[in-house]
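Structure, as structure tokens:
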2 protein chains.
Amino acid sequence: MNRVYNFSAGPSILPESVLAKAAEEMLNYNGTGMSVMEMSHRSKAYTSIIENAESLLRKLMKIDDSYSILFVQGGASTQFSMIPMNLFSKYKKADFINTGNWSKKAISEAKLFGAANVAASSEDSNFTYIPEEYNLSQEVDYVHITSNNTLEGTRFVTFPDTGNVPLVADMSSEIMSREMDVNKFGLIYAGAQKNLGPAGLTIVIVKTDLIGKHLENTPTMLRYETHAKEKSLYNTPPCYSIYVAGLVFKWLDDMGGVKTIEKINNEKAAILYNFLDESKMFLNKVNRKDRSLMNVPFTAPTDELNEKFIKEAEQAGLCTLRGHRLIGGMRASIYNAMPVEGVIKLVDFMKKFELENK
Amino acid sequence: MNRVYNFSAGPSILPESVLAKAAEEMLNYNGTGMSVMEMSHRSKAYTSIIENAESLLRKLMKIDDSYSILFVQGGASTQFSMIPMNLFSKYKKADFINTGNWSKKAISEAKLFGAANVAASSEDSNFTYIPEEYNLSQEVDYVHITSNNTLEGTRFVTFPDTGNVPLVADMSSEIMSREMDVNKFGLIYAGAQKNLGPAGLTIVIVKTDLIGKHLENTPTMLRYETHAKEKSLYNTPPCYSIYVAGLVFKWLDDMGGVKTIEKINNEKAAILYNFLDESKMFLNKVNRKDRSLMNVPFTAPTDELNEKFIKEAEQAGLCTLRGHRLIGGMRASIYNAMPVEGVIKLVDFMKKFELENK
């Protein structure tokens, strides 16, 4: 069994113990004589799986009963339309803080259903920082941020104060990586395939009083109301992805929860950024105080060296380090499931590469 | 390892060899050092998985290049809105043959986007038959059928001739169970969780020339064009479900394909229906010539006997036989992955139960 260190931005590394448990239970879950994949989503065994996943999610993120938790499909890209379709209840307008590629997609999708005001943007400097001044309006249905920018490697360290206007955050690439006060948000959404589990599951945490005000002719499956009323069982949910996410939640809970993983994530990020700051070869262009703890883009001085690095790293068992096609260079995604040793191995390899290629 | 016979209507039984393969490859797929769940959907290894799944699907169902194959999310329930949003290009109207609960949902969803004409219905007799006379219009964008009715246990043995009007079929509960001429259809869709793999994946087989004519303001993720252009990789697809579906396709191909499984399915259905026709206790109310090969609803004379049957069958390892809550009684779903022995065991148990309870 020769496992690699996988720095993929998503789908991405999962805890080995979670995969081992899933493999062990594949043909016979908990004495039921069947796989979780084969179970009716309305069976007793599956009901306990989905309820347990929700309750661990609530515990880990300290989510109270004023929020509904929805297990849906379609990724953050589907939320880009579901959010305006469900929340454009009064002004049919939202403020957006544009911090990168995913923000831009959220903005352009919202425009299909109403108005999208860009209240701040860091596009002027290729999204290498998080804006601190916003031109927020009071006459909008919500303010939207991308709390961690997977491609650009930035994050909101603190969140904007939007007063009575609901704050909506795409947390796909950092959910459960650090402690935060969910009560500051009207809605948090995340594709599971980075910090939570396999692709095909999207988690929406939404203040229940925001539900039920969707635009006319919103497809039934795109209404939050549909999924909230039926506890994510209006139709067959992505059962197996929810099961694996539940195993990931249990892994995190057993380890001490978000507080513990935040410490480890800070440690991992420090190892990598400290090296980058000392390196004469590798460069991370992000404004220091806005650096992501999850996604670390960096470059060598030439395209040739980037290619050489990616290839040799792969041979050394440090995989999926190629940067996003819009950004180039390299990117190390060091999500919750990436152990400290993986980051140490990466830095050791970078040091060696720098020595060999100077 | 004590596996049961699982008669669930969906999610449902999968071939044991497929589950064993998935378990074996869980921590290290094909020497990559990672799980399929952990792989970038744009990696070389995953590209080969998704391309292989598509090519086996084309082979098994004899689908030529004039059709696009889309691997999407959201289930048949999302297709109920995607189909009108994408195909209401001229008349904003479709004809529906109403054969049950799922047809009704498709009809009510289409009405959000245009007109739905019920061209025929068997609602007058609780959907126990498939109508033979249709009041089809020429001035519609498509004709919609539910080719196999999971709750009611009926199927279209032959399909309506709709001339130049595209025929659209929900085949969720019978796709790949029998040979059929895909060229008769403009669009075929199916949730994977019955005959193809785990929940969370929906397969759409659509004549490419029907794509690109969606209604204005259709969400990007609900446009067939989006997924066709990007070969189902516009955003992260339900990667693991596609991988398992690929394993199921390979299992079916290795066994001889749809022709072979159709013979086995006919054999299984005959065993069960022949017994039902002789039984003095158990009754299947469906018009004989319209009986489904996949879903067989039946009842005992009293609710008490139904409950007793379900409970004792479960204890004998014959699981998930409770009928749908809208129909009551029992239902045996005998999809492709249900071995002949499972049906024989069920009939033996029914005989025994009938003797013990007469």
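Looking only at the range A:324-358, which residues are small (Gly, Ala, Ser) and open to solvent by 10 Å² or more (accessible area, probe 1.4 Å)? Working first, answer last.
If we filter the range A:324-358 for residues that are small (Gly, Ala, Ser), which is where we start, we get A:328-329, A:332-333, A:337, A:342.
Passing the criteria: A:Gly328, A:Gly329, A:Ala337.
For the range A:1-40, name all the residues that are facing chain B (nearest Cβ under 7 Å), closer than 26 Å to A:Met171 by Cα, hydrophobic (A, V, I, L, M, F, W, C) and not in a loop (DSSP other than H, G, I, E, B).
Correct list: A:Leu19, A:Ala22.
Being farther than 27 Å from B:Arg223 by Cβ and touching a Leu at 6+ places or on another chain (Cβ under 7 Å) narrows it down to one of A:Leu56, A:Leu60, A:Leu87, so name that one. Reasoning before the result, please.
On the way: A:Leu56 fails: touching a Leu at 6+ places or on another chain (Cβ under 7 Å); A:Leu87 fails: farther than 27 Å from B:Arg223 by Cβ.
Going through A:Leu56, A:Leu60, A:Leu87 in turn, just one is farther than 27 Å from B:Arg223 by Cβ and touching a Leu at 6+ places or on another chain (Cβ under 7 Å): A:Leu60.
If only one of B:Gly200, B:Gly114 is surrounded by fewer than 24 Cβ atoms within 10 Å (Cβ to Cβ) and within 14 Å of chain A (Cβ to nearest Cβ), which one is it?
Details: B:Gly200 fails: surrounded by fewer than 24 Cβ atoms within 10 Å (Cβ to Cβ).
The unique qualifying residue is B:Gly114.
Being free of Cβ contacts under 8 Å to residues at least 40 places away in the same chain and either of a type in the set (Gly, Ala, Ser) or outside the structural domain of A:Phe275 (by TED's automatic domain parsing) (or both) is the filter here, so list the residues in the range A:324-340 that pass it.
Those that are free of Cβ contacts under 8 Å to residues at least 40 places away in the same chain and either of a type in the set (Gly, Ala, Ser) or outside the structural domain of A:Phe275 (by TED's automatic domain parsing) (or both): A:Gly328, A:Gly329.
Which one of these does A:Pro160 not meet: (1) open to solvent by 20 Å² or more (accessible area, probe 1.4 Å); (2) more than 20 Å from A:Gly74 (Cα to Cα)?
Result: A:Pro160 passes all but (1).
Any idea which residue in the range A:302-320 is nearest to A:Thr154 (Cα to Cα), counting only those that are outside any helix (DSSP H, G or I) and touching a strand residue (DSSP E or B) at 6+ places or on another chain (Cβ under 8 Å)?
At the first step, the residues of the range A:302-320 found to be outside any helix (DSSP H, G or I) are A:302, A:316-320.
Going one step further and asking which of them are touching a strand residue (DSSP E or B) at 6+ places or on another chain (Cβ under 8 Å), we end up with A:317-320.
Values: A:Gly317: 26, A:Leu318: 23, A:Cys319: 22, A:Thr320: 19 Å.
Taking the candidates together, the pick is A:Thr320.
Give just the number: which of (1) surrounded by 23 or more Cβ atoms within 10 Å (Cβ to Cβ); (2) on the phi > 0 side of the Ramachandran plot; (3) basic (Lys, Arg) does B:Lys231 not satisfy?
Of the numbered conditions (1) surrounded by 23 or more Cβ atoms within 10 Å (Cβ to Cβ); (2) on the phi > 0 side of the Ramachandran plot; (3) basic (Lys, Arg), the odd one out for B:Lys231 is (1).
Considering only residues that are open to solvent by 10 Å² or more (accessible area, probe 1.4 Å) and over 17 Å from A:Leu70 (Cβ atoms), which ones fall in the range A:166-191?
Result: A:Arg178, A:Glu179, A:Met180, A:Asp181, A:Asn183, A:Lys184.
Among the listed residues B:Phe88, B:Phe96, identify the single one that is within 16 Å of B:Val168 (Cβ to Cβ), surrounded by 21 or more Cβ atoms within 10 Å (Cβ to Cβ) and touching an Asp or Glu at 6+ places or on another chain (Cβ under 6 Å).
On the way: B:Phe96 fails: touching an Asp or Glu at 6+ places or on another chain (Cβ under 6 Å).
When all the criteria are applied, what remains is B:Phe88.
Would you point out which residue out of A:Met294, A:Met255, A:Met281 is crowded, with 18+ Cβ neighbours inside 10 Å and within 13 Å of A:Ala337 (Cα to Cα)? Steps first, answer last, please.
Numbers: A:Met255 fails: crowded, with 18+ Cβ neighbours inside 10 Å; A:Met281 fails: within 13 Å of A:Ala337 (Cα to Cα).
The unique qualifying residue is A:Met294.
Check A:Ser12, A:Ser17 and return the single one that is closer than 21 Å to A:Lys194 by Cβ and surrounded by fewer than 18 Cβ atoms within 10 Å (Cβ to Cβ). Spell out the reasoning first.
Working: A:Ser12 fails: surrounded by fewer than 18 Cβ atoms within 10 Å (Cβ to Cβ).
Exactly one of A:Ser12, A:Ser17 is closer than 21 Å to A:Lys194 by Cβ and surrounded by fewer than 18 Cβ atoms within 10 Å (Cβ to Cβ), namely A:Ser17.
For residues in the range B:207-220 being among the aliphatic types (A, V, I, L, M) and within 27 Å of A:Pro84 (Cβ to Cβ), which is surrounded by the fewest Cβ atoms within 10 Å (Cβ to Cβ)? Before you say what the answer is, go through the steps one by one.
Restricting attention to the range B:207-220, the residues satisfying the condition of being among the aliphatic types (A, V, I, L, M) are B:210-211, B:215.
If we keep only those that are within 27 Å of A:Pro84 (Cβ to Cβ) too, we end up with B:211, B:215.
Working: B:Ile211: 20, B:Leu215: 17.
Restricting to residues being among the aliphatic types (A, V, I, L, M) and within 27 Å of A:Pro84 (Cβ to Cβ), the top hit is B:Leu215.
Suppose the filter is under 17 Å from B:Lys207 (Cα atoms) and either at pLDDT below 95 or assigned by TED's automatic domain parsing to the domain that holds B:Thr162 (or both); does B:Leu56 pass it? Give the derivation first.
Details: under 17 Å from B:Lys207 (Cα atoms): no; either at pLDDT below 95 or assigned by TED's automatic domain parsing to the domain that holds B:Thr162 (or both): yes.
So B:Leu56 fails the test.
Between residues in the range A:67-84 that are under 16 Å from A:Ile175 (Cα atoms) and residues that are part of a loop (DSSP other than H, G, I, E, B), which pairs lie under 6 Å by C-beta distance while being six or more apart or on different chains?
A:Leu70/A:Ser232; A:Phe71/A:Ser232; A:Phe71/A:Pro237; A:Gly75/B:Asn235; A:Gly75/B:Thr236; A:Ala76/A:Ser172
Could you grab me the full set of residues in the range B:324-341 that are within 20 Å of the chain's Cα centre (by Cα) and either modelled with pLDDT under 95 or in a helix (DSSP H, G or I) (or both)? Don't jump to the end; show me each part of the working.
Going through the range B:324-341, the residues within 20 Å of the chain's Cα centre (by Cα) turn out to be B:324-327, B:330-340.
Result: B:His324, B:Arg325, B:Leu326, B:Ile327, B:Val340.
Of all residues in the range A:41-51 being open to solvent by 20 Å² or more (accessible area, probe 1.4 Å) and under 22 Å from B:Gln315 (Cβ atoms), which is farthest from the other protein chains (Cβ to nearest Cβ)? Give the steps one after another, and end with the answer.
The first filter runs over the range A:41-51 and keeps only residues open to solvent by 20 Å² or more (accessible area, probe 1.4 Å), leaving A:42-45, A:47-48, A:51.
If we keep only those that are under 22 Å from B:Gln315 (Cβ atoms) too, we end up with A:42-45, A:47-48.
Values: A:Arg42: 9, A:Ser43: 7, A:Lys44: 11, A:Ala45: 10, A:Thr47: 13, A:Ser48: 15 Å.
Going through the qualifying residues, I end up with A:Ser48.
All but one of (1) at pLDDT 95 or above; (2) out of contact with any Lys or Arg (no Cβ under 9 Å at 6 or more places or on another chain) hold for B:Ser147; which doesn't?
(2)
Out of the range A:259-275, which residues are open to solvent by 10 Å² or more (accessible area, probe 1.4 Å) and of a type outside the set (S, T, N, Q)? Explain how you work it out, then say what you get.
Taking the range A:259-275 first, the residues open to solvent by 10 Å² or more (accessible area, probe 1.4 Å) are A:259-260, A:262-264, A:266-267, A:270-271, A:273-275.
The answer is A:Lys259, A:Glu262, A:Lys263, A:Ile264, A:Glu267, A:Ala270, A:Ile271, A:Tyr273, A:Phe275.
When you scan the range B:222-235, how many residues do you find that are farther than 13 Å from B:Phe71 by Cβ and within 11 Å of chain A (Cβ to nearest Cβ)?
Total satisfying the criteria: 2.
The values are calculated or read from the model by the stated rules, or taken from the named source; none is laboratory data. The shown structure was predicted, so the numbers you read here are calculated from the model rather than taken from an experiment. Here Cβ is always computed from backbone atoms with ideal geometry, including for glycine, and neighbour counts include all displayed protein chains. Ligands, DNA and RNA are excluded from the accessible area calculation, which covers all protein heavy atoms including side chains. Shrake-Rupley method; radii C 1.70, N 1.55, O 1.52, S 1.80 Å.
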